[in-house]
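To start, the structure under review is shown below, and the notes come after it.
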Amino acid sequence: MSEIKLKINGEEVTAEPGTMLLDAARKAGAEIPTLCNLEGLEPFGACRLCVVELIRGGRSRIVASCLYPVEEGIDVLTESEKVVRYRRNILELLEARWPLIDKALLEKYKVNTGRMARRDNFCIMCGICVRHCSERRKLNVLGFVGRGIERQVVSYTMRAKEFCPECFDKELSCLKFCPTGVIVNDCATRCPASRDEEAFAKPIRVRDDDNAIAVKKSLGDL
Ligand code: FES
């Protein structure tokens, strides 16, 4: 199939059909921050940090570049005013839940820190743990339930009991890939799913009064 022609930040480029805008833009030298897009995991579109402005026929819109494939004749802007404003808002929300977020990124986008109320639950719904467990480890212990602000990560009781004790302290454990350290070190052995025989699925064990110290330790380890 013939290559697709598009413009990235005013430069004409070509890309294989099916290439995501993120990859095409990075190949063209653009710097685009990402959080939930990790090598070896399917694109998920959760964090929205990778947004770019897409212009077609004079109309512009913001899209997640990790999920949007190249198209013939489009113009893509990776640092337009709209994009910068959008990313700044995302970073502001993330910062309220993620004390160790990359400070250089906050500075670059002039993020107004401290405006959003701090949250005790550091889960930023990036889905890395869920996808890592299913796509890389093929264990399917973790999943999502709920929608919108009710959405949360759960572990499935029977599978957690079977697989987590063998996995949690290993190099390929989901704990190692959680960017905020919200999954505590003893999640696998003391998570609610492991304790409650009846429940099909329970929220993963995250920060609370009992395990605040464990979380601080894991945050320091990141
Ligand atoms: S990197 Fe694209 S949405 Fe997270």
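Just so it is clear, none of the values below were taken in a lab; they were calculated from the coordinates. Fair warning: this is a prediction, and the values are worked out from it, not measured in the lab. When we count neighbours, we look across all protein chains shown, and the Cβ atoms used for this are built from the backbone with ideal geometry, even at glycine.
What does the charge count around Gly29 come to, taking other residues whose C-beta lies under 15 Å from its C-beta (Lys +1, Arg +1, Asp -1, Glu -1)?
Here the charged neighbours net out to -2.
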Check: Which trypsin sites (Lys or Arg not before Pro) does the stretch 66-120 hold that lie in a coil by DSSP with at most 15 other beta carbons within 10 Å?
Finding: Lys110, Arg115, Arg118, Arg119
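How much length, in nm to one decimal, is gained on full extension between Glu39 and Met125, taken as 0.36 nm per residue of separation minus their Cα-Cα distance?
Numbers: separation 86, 0.36 × 86 = 30.96 nm, distance 1.78 nm.
That works out to 29.2 nm of additional length.
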Next item on the list: Sort out for me the Cα centre separation of the stretch 102-170 from the stretch 6-25, rounded to whole Å.
Entry: 30 Å
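Given +1 on the Cβ of Lys and Arg, -1 on the Cβ of Asp and Glu, and no further charges, what dipole in debye does the stretch 1-102 carry about its Cα centre, rounded to the nearest 20? Don't jump to the answer; show the numbers that get you there.
Details: 13 positive and 17 negative charges, 86 e Å.
Approximately 420 debye in magnitude.
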Check: Hey, quick one: spin label on Leu67, modelled 7 Å out along Cα-Cβ, who in the stretch 9-52 has an amide N within reach, i.e. under 13 Å?
Finding: 36-37, 42-52
